[in-house]
Amino acid sequence: MSADREEEESPLPQVGMIIEHESGQWRVLRNIASGPFSDVFFVSDVSNSRQKYAMKVEKQNGNIRAVLKLDVMVLSCMQRRGAVGFPRMIAAGRTSAYKYLVMQMLGPDLGKLRRSLPEKRFSLATALKVALQTVDRLQALHDAGWLCRDVKAPNLVVGINDDEDNGQIYMLDFGFARRFRDSEGNRLPPRPNAALVGTFQYAPLAAHAHKDQSPKDDLESWFYMTVELIKGPLPWGSFKDYHQMGDYKKAIRNEKRVDFLYGCPEELGNILDSIDGTTFFDEPQYDLIRRELRTAAVRADVDMETPFDWQIQRWMLRRAHFVGDLGESNMASERLANDTTADSDDDRSSLPVETTPPLE
Ligand SMILES: Nc1ncnc2c1ncn2[C@@H]1O[C@H](COP(=O)(O)OP(=O)(O)OP(=O)(O)O)[C@@H](O)[C@H]1O
Ligand SMILES: [Mg+2]
């Protein structure tokens, strides 16, 4: 069968099309997001059109990084463990042209919600509440033996059903996830030269230095994200060059520290010190981080029981749908699209990094 013929038999999902699987049929309603590795669609159940889901689709051909397999692996692992705050998986399948994953439909992501605000930052209460919940998500992911390696607000989404979700933040997108323990639960040794994966803006220093990542590096990305939620766009947000971003991240440990943390509760400084003091093999100090966040809330007289900003200002949810994927604060967050050292579930640690030149 020619490639054209195959395409004809299984075209890529388009609005109006029905996707059939042994466990159900879904109608494609609209596109939610298009990225370098995948597209996400809003779909409805053909047998009950009020039941909506999200469907993530990855083309089979010409895709340099197999992301969906990792999404399925991580989400099914978290589902088996009964972890909260990860989208429920409904079905996964493939056709000759694409692979797909049908999952729980959730609300806009926190990147778009933040950028829907004129000042591009959340209230302190919302930022601290998000930070607390995401520390829990990361701890659950790490307990299951997975690293995310792409922690950022666009990969966190809100629940759409206030009653059911009760202000829950969900973590998704495990296209860069990687196991950091072997099947016996032992830590894998660091590889000497790792590809820079993830999103430059939030990449930890280890990734900039082409070092293998560990749980504390997810916390480092989480930290940059948290400062952005509190203060607005990161100072290196408009940089085009990732070397420059890396240099700025180093400087916030020294001469730029005061400036960078200005406007954040001082507890954020203690959290940065804790993350920086954690080594590759150490477990991050999740409890200390949560304690510091709670102390910050008390000192700033912030009521952590207040609803999230988007629960008070409902227009944020509507406006978030019209915020582009790459807003001005996200200019530099293009993923390293030519990363062909896709070190996902297989260990190709001995392969040299060919597509990412060393920093120095
Ligand atoms: N279950 C869902 N419910 C609602 N929106 C979703 C859902 N899954 C994804 N999205 C939206 O689609 C966007 C892109 O999805 P996702 O992050 O999984 O893919 P991606 O960024 O293209 O990453 P990759 O291709 O590396 O997996 C998210 O930022 C979010 O806004
Ligand atoms: Mg994403």
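The table that follows gives values for the structure above.
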{"quantity": "The chain, dipole about Cα centre (Lys/Arg Cβ +1, Asp/Glu Cβ -1), debye to the nearest 20", "calculated": "500 debye"}
{"quantity": "Residue among 316, 263, 298 farthest towards the positive dipole end of segment 204-327, charges placed on Cβ", "calculated": "316"}
{"quantity": "Given charges at Cβ of Lys, Arg, Asp, Glu: segment 110-354 dipole, positive-most of 202, 133, 243", "calculated": "243"}
{"quantity": "Fraction in percent of alpha-carbon pairs per bin - 5 Å, segment 42-98", "calculated": "4, 15, 22, 21, 20, 13, 4, 0"}
{"quantity": "Cα-centred dipole magnitude for segment 1-130, charges only on beta-carbon of K, R (+1) and D, E (-1), debye, nearest 20", "calculated": "880 debye"}
{"quantity": "Dimensions in Å of segment 110-265 - Rg and Dmax from alpha carbons", "calculated": "16.0, 49"}
{"quantity": "Between segment 114-134 and segment 279-296, the alpha-carbon center distance in angstrom", "calculated": "20 Å"}
{"quantity": "Cα-only Debye scattering, segment 172-260: base-10 log of I(q)/I(0) at q = 0.14 Å⁻¹", "calculated": "-0.54"}
{"quantity": "Rg over Rh, two decimals, the chain (C-alpha only, Kirkwood Rh)", "calculated": "0.96"}
{"quantity": "Percent RCO, i.e. relative contact order, over segment 110-354, from Cα pairs under 8 Å lying at least 6 residues apart", "calculated": "29 percent"}
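Throughout, read-outs are computed from the coordinates displayed, never taken from laboratory work. None of these values were measured; they are calculated from a predicted model. Note: ideal-geometry Cβ built from the backbone for every residue, glycine included; neighbour counts use all protein chains shown.
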